[in-house]
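Here the structure is laid out as structure tokens; the discussion comes afterwards.
The values are calculated or read from the model by the stated rules, or taken from the named source; none is laboratory data. Here the structure is a predicted model, which means the values were calculated and not measured. FYI the Cβ positions are ideal-geometry reconstructions off the backbone, even for glycines, and counts take in every protein chain you see. For the accessible areas, the whole protein counts, side chains as well, though only heavy atoms, and no ligand, DNA or RNA atoms are used. Shrake-Rupley method; radii C 1.70, N 1.55, O 1.52, S 1.80 Å.
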Amino acid sequence: MDTSLVSQIVIAAATLLASLGGYVLAGRNENRRDARTMHRELQLRNSERAARLDDQRHALQRETLLALQDAVQAMARFTSQIMHFDHMQARQGEYTHLPGTLSDDSYANLVEVRRLQSRILDANVRDAVDRCVLLSRRLSTSPSDLEGLSGENLERHVMTKFGEFHDGYESASNILGEAVRREIAWQPLTA
């Protein structure tokens, strides 16, 4: 065999091996690049999903806080109506059942307040609403504490109860308002 033919075969084989090696290395580099690209895309999708979920969570909290604020305000109206009714009855020395659907409406409102309260993430808000609910229940379900009171003693006692409820409601309302404002002002983090 001619040395020139052997050298051409060696060169062809070396070229073939180099091409095959280059092809293999290029494939590995391409696979690594694809894996990095896929990893970045996955991270981007995960961060977008997390941002979307965060937006939804804040929107749900905001809507729930607004509904809770309305429900607590309605509870305050029901409590005041019940306390006023009890006061008027005590002035006449009577202690009868609540008129119309006041009792049922008040109870339905209490259920609504508790339902909304359970959805709130902020423990401070839940505790403030809980204190207001307990105060409302205590003051609107005990007309017997008015029995035997009359004149100035009755009026003083009733005004003390109204003042106590007003203070409790105002405290809960302020805490709720702060939470609502925080949710309204909330902005997603920007990269």
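Whenever a residue of segment 96-111 is under 15 Å from ARG137 (Cβ atoms), its partners that are open to solvent by less than 70 Å² (accessible area, probe 1.4 Å) and part of a loop (DSSP other than H, G, I, E, B), lying with C-beta atoms within less than 9 angstrom and at least six residues away or across chains, give the pairs SER106/LEU98. Among the residues making up segment 107-124, those that are surrounded by fewer than 17 Cβ atoms within 10 Å (Cβ to Cβ) and among the polar types (S, T, N, Q) are SER118, ASN124. Considering each residue of segment 22-30 in turn, at least one proves to be more than 28 Å from the chain's Cα centre (by Cα) and of a type in the set (D, E, K, R).
The residues in segment 86-106 that are small (Gly, Ala, Ser) and either open to solvent by 50 Å² or more (accessible area, probe 1.4 Å) or outside any helix (DSSP H, G or I) (or both) can be counted, and the count is 3. For segment 139-150, state whether one or more residues are surrounded by 13 or more Cβ atoms within 10 Å (Cβ to Cβ), at pLDDT 85 or above and either closer than 21 Å to GLY168 by Cβ or touching a strand residue (DSSP E or B) at 6+ places or on another chain (Cβ under 6 Å) (or both). The answer is no; no qualifying residue exists. Take LEU42 and decide whether it is among the aliphatic types (A, V, I, L, M), open to solvent by 60 Å² or more (accessible area, probe 1.4 Å) and at pLDDT 85 or above. The answer is yes for LEU42. Take GLN92 and tell me if it is polar (S, T, N, Q) and within 30 Å of LEU135 (Cα to Cα). Yes, satisfied.
Conditions tested, residue by residue: (1) in contact (Cβ under 8 Å) with a residue 24 or more places away in the chain; (2) exposed (fewer than 10 other Cβ atoms within 10 Å of the Cβ).
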position	(1), (2)
SER4	no, yes
ILE9	no, no
ALA50	no, no
PHE78	yes, no
MET83	yes, no
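Annotation: of all residues in segment 86-120 being hydrophobic (A, V, I, L, M, F, W, C) and at pLDDT below 85, the one that is farthest from HIS157 (Cα to Cα) is LEU98.
Taken as a whole, the condition of being touching a residue at least 24 places away in the same chain (Cβ under 8 Å), part of a helix (DSSP H, G or I), out of contact with any strand residue (DSSP E or B) (no Cβ under 8 Å at 6 or more places or on another chain) and open to solvent by less than 50 Å² (accessible area, probe 1.4 Å) does not apply to LEU60.
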